[in-house]
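Structure, as structure tokens:
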Amino acid sequence: MDLDKRIESVKNSSALKKYWKWILLVVVVLWSWSGYNGLVKAQEPIANAWGNVETEYQSRTDKVSVIAKIVKNAANFERQTLTDVIEARSKATSIQLDVKDLTPENMAKFEAAQAQLTGALSRLMVTVERYPELKATDAFRDFQAQYEGMENRIAKARRDFNGVVRPYNVKIKKFPKNLLAKAFGFTEKDYFKANEGAENAPADINLGFEN
């Protein structure tokens, strides 16, 4: 009986030695498949959050075209201020990024273009203060009422984006997921940075929200 068990054990051992490479291959394939799906799942919230960011910026861009038409018809309005807004809007709309393109370099260009539009819009709103007849129009008052809300929604979309990027970046840096991430092209995503100088912005700037 003991001899039979030993013979069977030897047979099993030989079979294991014969197929161990295939068993290992199956284990690696299953691990890679599971890990890849996990990385895809981790990246999906980033794609959704980035879509929300683009939607909010696009909404602002659409509104800018409206205010540009309103201001353009105002008598003696400072043309350079309007030109700056139109040019900044054009530059902002020219930069379109996919979720796979969110590298530090691309994000820096995107943020710079959007910041330029934000600055041009702010100067426009300040300049309008000197044109009471323009401020009194229903069309401008409409835009004025929506302006702060647009900027707030953009800020929230940026914060939400940063919130989902962090766990993804941590995930693809940890071993052994970093090996899979590199093999399948999952790269680290960049964050939105705080607007430079925002913490020192003067509190008494009037953007035209008071009636």
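3J(HN,Hα) along the stretch 49-62, derived from phi through the Karplus expression 6.51 cos²θ - 1.76 cosθ + 1.60 where θ = phi - 60°, amounts to 5, 5, x, 5, 4, 4, 4, 5, 5, 5, 4, 5, 4, 4 Hz, with x in place of Gly and Pro. With R₀ fixed at 35 Å, the C-beta to C-beta distance from Asp101 to Tyr19 puts the FRET efficiency at about 0.20. Looking at this model, which pairs from Lys41/Lys182; Lys91/Lys182; Lys109/Lys174; Lys21/Lys100; Lys100/Lys174; Lys21/Lys171 are more than 25 angstrom apart at the alpha-carbon? In this structure, Lys91/Lys182; Lys109/Lys174; Lys21/Lys100; Lys21/Lys171 exceed 25 Å between Cα atoms. Spacing of the modelled spin labels on Lys91 and Ala145, each 7 Å from Cα toward Cβ, amounts to 3.3 nm.
Our summary gives the stretch 2-195 a relative contact order of 31 percent, counting only alpha carbon pairs under 8 angstrom and 6 or more residues apart.
Computed from the coordinates by the stated procedures, all read-outs in this text should not be read as laboratory data. Keep in mind that this is a model prediction, so the values were computed, not measured. Counting neighbours? That spans all protein chains shown, and the Cβs are built from the backbone with ideal geometry, glycine included.
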